[in-house]
Amino acid sequence: MFSALAKFMNDGGPFMYAITACLIFGAAVSIERLYFLIKKFDVDGRKFYNELTKLIQNGDVNAARALCNSDAPLPRILGAGLSNASKSETAIQNAVDEEALSIIPSIEKRTPYISMVANVSTLLGLIGTIQGLIYAFDALANADPSQKGALLAQGIAMAMYTTYYGLMVAIPHMIVYSVIQAKTTKVITEIDEYSVKFINFLIARRKGE
């Protein structure tokens with residue numbers, strides 16, 4: 001297996017190693033983003049909001065604050081509003097906005113690198129293909145007749161291997177990028193939705209007291 005892999009990398013030429021570097025980098029970023037978006041940041045917004053507002057309506061503010069004590073963005077943002085619930089409407093709004101502005105970049109960061117890896121891998125594969133074709137045509141034009149067949153096959157192999165490898169790296173990263181973008185959009189959409197609802201809830205509650 002390892003000998004076949006070594007032959008595959010060697011026959012593909014130097015751009016195979018550049019594509020491998022993209023693979024390693026892209027995989028590391030993808031794993032880190034998926035971990036945070038699925039394990040750390042993903043919250044059932046509706047369930048959390050209903051539970052939080054129920055605790056506040058029951059007068060259990062300490063339990064509500066404890067519920068917001070989380071690394072997930074939505075609890076932190078709503079917790080900022082809760083901490084300023086006794087202040088003016090503007091103060092509540094500003095506290096929620098400030099917390100959201102500090103957290104949202106951490107949700108979106110490094111995600112564009114995954115798309116970049118997909119694009120760069122494809123382009124590196126294309127460059128390797130062109131290099132292989134140049135090598136093959138040069139062999140046809142200048143090589144010794146006894147070596148033309150072998151050199152031509154080597155050039156074509158280089159061209160095909162880099163194209164294949166570049167696409168094999170790019171396609172999974174495109175899929176992962178789409179998944180991460182969908183999860184990111186979900187988290188940010190819930191932040192926008194439930195932040196507004198929670199601010200309105202706190203204001204309405206104050207006016208009803």
- Matching residues in segment 159-202 - criterion: being surrounded by fewer than 16 Cβ atoms within 10 Å (Cβ to Cβ) and over 20 Å from residue 118 (Cα atoms): 185, 186, 189, 192, 193, 196, 197, 200
- Query: Are any of the residues in segment 89-98 under 30 Å from residue 25 (Cβ atoms) and more than 19 Å from the chain's Cα centre (by Cα)?
  - Reply: no
- Query: Considering segment 24-39 alone, what residues qualify as being hydrophobic (A, V, I, L, M, F, W, C) and either crowded, with 18+ Cβ neighbours inside 10 Å or farther than 17 Å from residue 174 by Cα (or both)?
  - Reply: 29, 36, 37, 38
- Flagged in segment 95-113 as surrounded by fewer than 17 Cβ atoms within 10 Å (Cβ to Cβ), of a type in the set (Gly, Ala, Ser) and closer than 23 Å to residue 182 by Cβ, in numbering order, are 106
- Per the list (1) at pLDDT 90 or above; (2) surrounded by 14 or more Cβ atoms within 10 Å (Cβ to Cβ); (3) charged (D, E, K, R), residue check on residue 42 breaks on (1)
- Determine, yes or no, whether residue 161 is among the aromatic types (Phe, Trp, Tyr) and either part of a loop (DSSP other than H, G, I, E, B) or modelled with pLDDT under 90 (or both). yes
- Residues that are among the charged types (D, E, K, R) and either touching a Lys or Arg at 6+ places or on another chain (Cβ under 6 Å) or within 24 Å of residue 195 (Cα to Cα) (or both): which helices (runs of 4 or more DSSP H) entirely in segment 33-137 hold 2 or more of them? 45-57, 89-108
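The values are calculated or read from the model by the stated rules, or taken from the named source; none is laboratory data. In this text, all values refer to a predicted model and were calculated from it rather than measured experimentally. Methodologically, a virtual Cβ is constructed for each residue, glycine included, from the backbone with ideal geometry; neighbour enumeration extends over all protein chains shown.
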